[in-house]
Amino acid sequence: MKCIFCDIINRDLPAEVLYEDEQVISFLDIRPMNYGHALIVPKMHVENFLSLPEDQMGRVFIIAQKIACALRDALGFDGFNITINNGKAAGQTVFHLPIHIIPRYSHDTFQYKIDFKKYRNNELEEIGNSIRKCI
Ligand code: 5GP
Ligand code: ZN
């Protein structure tokens with residue numbers, strides 16, 4: 001199966017690589033939401049957050065923190081978002097898990113248009129109960 005990120009990991013495709021070790025690679029997103037938008041990707045081909053093995057979870061997030069620190073020091077952003085899109089409905093476009101680190105500035109032009117919901121009656125507790133049963 002063709003995978004852009006496996007091609008980057010194998011150096012069959014070029015990328016602006018920021019960091020790599022045995023398990024993780026980080027490179028700049030080719031279509032940044034702000035300059036310096038970075039991706040942290042496990043070298044193992046896993047589709048999304050749910051398929052990342054537990055023993056890789058820690059390493060991937062340690063590197064995500066390392067990259068976020070480097071972006072802060074290099075770019076002096078005002079804040080940043082860590083995003084993982086899981087599934088088409090959530091905006092995932094490459095089906096090899098990337099963690100996005102997106103630099104943010106007080107006056108950048110991002111807008112999240114969210115139709116916030118309101119829990120009614122017992123909905124909050126019912127939804128809590130149904131989720132707790134699955135943990
Ligand atoms: P997703 O949409 O799956 O959460 O994230 C995939 C990201 O990969 C997107 O933000 C997209 O811009 C980036 N991307 C897609 N193709 C390439 C590529 O060939 N090189 C790099 N560096 N980034 C890519
Ligand atoms: Zn892959």
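Restricting attention to segment 19-56 and to residues that are open to solvent by 30 Å² or more (accessible area, probe 1.4 Å) and touching a helix residue (DSSP H, G or I) at 6+ places or on another chain (Cβ under 6 Å), the residue that is farthest from ligand 1 (Cβ to nearest atom) turns out to be Q23. Of everything in segment 98-122 that is out of contact with any strand residue (DSSP E or B) (no Cβ under 6 Å at 6 or more places or on another chain) and open to solvent by less than 80 Å² (accessible area, probe 1.4 Å), the residue that is nearest to ligand 1 (Cβ to nearest atom) is F110.
I'd like to know if segment 75-97 contains one or more residues that are in a helix (DSSP H, G or I), of a type in the set (S, T, N, Q), surrounded by 12 or more Cβ atoms within 10 Å (Cβ to Cβ) and at pLDDT 95 or above. For segment 75-97, residues in a helix (DSSP H, G or I), of a type in the set (S, T, N, Q), surrounded by 12 or more Cβ atoms within 10 Å (Cβ to Cβ) and at pLDDT 95 or above: absent. Screening D7 against (1) within 14 Å of ligand 2 (Cβ to nearest atom); (2) part of a loop (DSSP other than H, G, I, E, B); (3) out of contact with any helix residue (DSSP H, G or I) (no Cβ under 7 Å at 6 or more places or on another chain); (4) over 29 Å from Y112 (Cα atoms) leaves a single unmet condition, (2). When segment 101-135 is examined, which residues are found to be among the acidic types (D, E) and without any contact (Cβ under 8 Å) to a residue 24 or more places away in the chain? Once the filter is applied, which keeps residues that are among the acidic types (D, E) and without any contact (Cβ under 8 Å) to a residue 24 or more places away in the chain, segment 101-135 yields D115, E123, E125, E126. Listed by first and then second residue, the pairs linking a residue in segment 35-63 that is without any contact (Cβ under 8 Å) to a residue 12 or more places away in the chain to a residue that is β-branched (V, I, T), with Cβ atoms under 7 Å apart and 6 or more places separating them unless they lie on different chains, form an empty list.
The values are calculated or read from the model by the stated rules, or taken from the named source; none is laboratory data. Because the structure is predicted, anything quoted here is derived from the model rather than measured. Don't worry about glycine lacking a Cβ; one is built from the backbone with ideal geometry, like all the others, and counts go over all protein chains shown. These area figures cover heavy atoms from the full protein model, side chains too; ligands, DNA and RNA do not enter into them. Shrake-Rupley method; radii C 1.70, N 1.55, O 1.52, S 1.80 Å.
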